[in-house]
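Okay, structure first, notes after.
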Amino acid sequence: MTIIDNVFEDVPTPSGPMRTHLFRPAAPGRYPGILLYSEIFQVTGPIRRTAALLAGHGFVVAVPEIYHEFEPAGKVLAYDQAGADRGNEFKTTKPLANYDSDARSALDTLKANPDCTGDLGVMGICIGGHLSFRAAFNQDVKAAVCFYATDIHKRRLGLGMKDDTLDRMKEVRGELMMIWGRQDPHVSDEGRALIYQSMVKAGIHFTWHEFNAQHAFLRDEGHRYDPALALTCYQMVINLFKRKLGEGNQQPTA
């Protein structure tokens, strides 16, 4: 499906405007909405291609710049040590409340978009996986996908590194899909076990998927990319979102 991917909106948030990139099918109609959270590097080429892939399957996709308080609009951090250091610094400089208010602002904007049906899902990668989990605390999120979500088990997201994600899991009402690489050094076996047990205890509706893969296996740049596994995971993601959010109502073209 042909898409439109050269649109952005500066979404108002309590901590300032948040540049948010929009992707949607070119065909007229209204489609379910997906809030897509990036890695610490913001809206890179691989993230844009992930957004385009989702949009091509019939979704309106909004991708916010998660560090809008610190970087000028449009800033992309490089996939190198300097970029990683900068992104990790911002990760624990930004107040936790800002991450949550950003999510609510983005979801409200996506729901109000005339191209969106109002049915909402969330997906995130790395830090974005953690942000996707927290976005699912919002009751209108029907489905969330978290790719190798970092720091949930360590409680290290946000200023002060004392996040409450493990404590708030009972707030999730939608269905979650958790995807992990067993060779990911950022989330240990014990860390994954803690998250799993906490989700079971909270009574969350979720599926759990572990693969023999490294951190960032979904990113289509770098030596850790696993294209066969990425294809498998994208199909699972699309199936979940179609099942929970619906197909939308694409209008026939003349």
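The values are calculated or read from the model by the stated rules, or taken from the named source; none is laboratory data. These numbers come from a predicted model, not from an experiment. Cβ sites come from the backbone with ideal geometry, for glycine too, and all protein chains shown count toward neighbours.
Tell me, which residue of region 157-168 that is closer than 19 Å to Ala144 by Cβ and over 17 Å from the mean Cα position of the chain (by Cα) is surrounded by the most Cβ atoms within 10 Å (Cβ to Cβ)? Filtering region 157-168 for residues that are closer than 19 Å to Ala144 by Cβ and over 17 Å from the mean Cα position of the chain (by Cα), the one surrounded by the most Cβ atoms within 10 Å (Cβ to Cβ) comes out as Asp163. Per the listing Gly203, Gly158, the residue uniquely among the small types (Gly, Ala, Ser) and in contact with a Phe, Trp or Tyr (Cβ under 7 Å, 6 or more places away or on another chain) is Gly158. Being at pLDDT 95 or above and under 23 Å from Val43 (Cβ atoms) is the requirement here; does Asp220 meet it? For Asp220, the condition - at pLDDT 95 or above and under 23 Å from Val43 (Cβ atoms) - is met. So, in region 111-127, exactly how many residues are within 19 Å of Arg173 (Cα to Cα), in a helix (DSSP H, G or I) and under 15 Å from the mean Cα position of the chain (by Cα)? So the answer is 0. With respect to Phe133, determine if the residue is touching a residue at least 24 places away in the same chain (Cβ under 8 Å) and under 10 Å from the mean Cα position of the chain (by Cα). The answer is yes for Phe133. Note on region 32-90: residues that are under 15 Å from Glu221 (Cβ atoms) and of a type in the set (Phe, Trp, Tyr) amount to 2.
Across region 54-61, a minimum of one residue is classified as within 14 Å of the chain's Cα centre (by Cα), of a type in the set (A, V, I, L, M), surrounded by 22 or more Cβ atoms within 10 Å (Cβ to Cβ) and outside any helix (DSSP H, G or I). Are any of the residues in region 221-234 surrounded by fewer than 14 Cβ atoms within 10 Å (Cβ to Cβ) and among the small types (Gly, Ala, Ser)? Yes, region 221-234 has at least one match. If only residues of region 218-254 that are of a type in the set (Asp, Glu) and under 30 Å from Gln183 (Cα atoms) are counted, the one that is nearest to the chain's Cα centre (by Cα) is Asp220.
Listed here are the strands (runs of 3 or more DSSP E) enclosed by region 136-254 that have at least 3 residues being touching a Gly at 6+ places or on another chain (Cβ under 7 Å): 141-147. Examine region 76-93 for a residue that is in a helix (DSSP H, G or I) and in contact with a helix residue (DSSP H, G or I) (Cβ under 7 Å, 6 or more places away or on another chain), and state whether such a residue exists. Among the residues of region 76-93, at least one is in a helix (DSSP H, G or I) and in contact with a helix residue (DSSP H, G or I) (Cβ under 7 Å, 6 or more places away or on another chain), which makes the answer yes.
One residue alone among Arg49, Arg24 is in a strand (DSSP E or B) and either more than 16 Å from the chain's Cα centre (by Cα) or of a type in the set (D, E, K, R) (or both), and that residue is Arg24.
Among the residues making up region 37-64, none is touching a Ser or Thr at 6+ places or on another chain (Cβ under 7 Å) and charged (D, E, K, R). Is it fair to say Gly203 is under 19 Å from Phe41 (Cβ atoms), over 18 Å from the mean Cα position of the chain (by Cα) and surrounded by fewer than 21 Cβ atoms within 10 Å (Cβ to Cβ)? Criteria not met by Gly203. Look at region 218-233: where a residue is free of Cβ contacts under 8 Å to residues at least 24 places away in the same chain and closer than 11 Å to Arg49 by Cβ and a partner is crowded, with 18+ Cβ neighbours inside 10 Å and of a type outside the set (S, T, N, Q), sitting 6+ places away or on another chain with Cβ atoms under 7 Å, you get Ala230/Phe217; Ala230/Leu218. When we screen Ala103, Ala73 for residues that are surrounded by 21 or more Cβ atoms within 10 Å (Cβ to Cβ) and of a type outside the set (Ser, Thr, Tyr), the only hit is Ala103.
Scanning region 1-21 for residues that are part of a strand (DSSP E or B), modelled with pLDDT of 95 or more and surrounded by 19 or more Cβ atoms within 10 Å (Cβ to Cβ) yields a total of 5. Here Thr117 clears all of (1) under 24 Å from Lys91 (Cβ atoms); (2) in contact with a helix residue (DSSP H, G or I) (Cβ under 9 Å, 6 or more places away or on another chain) except the condition numbered (1).
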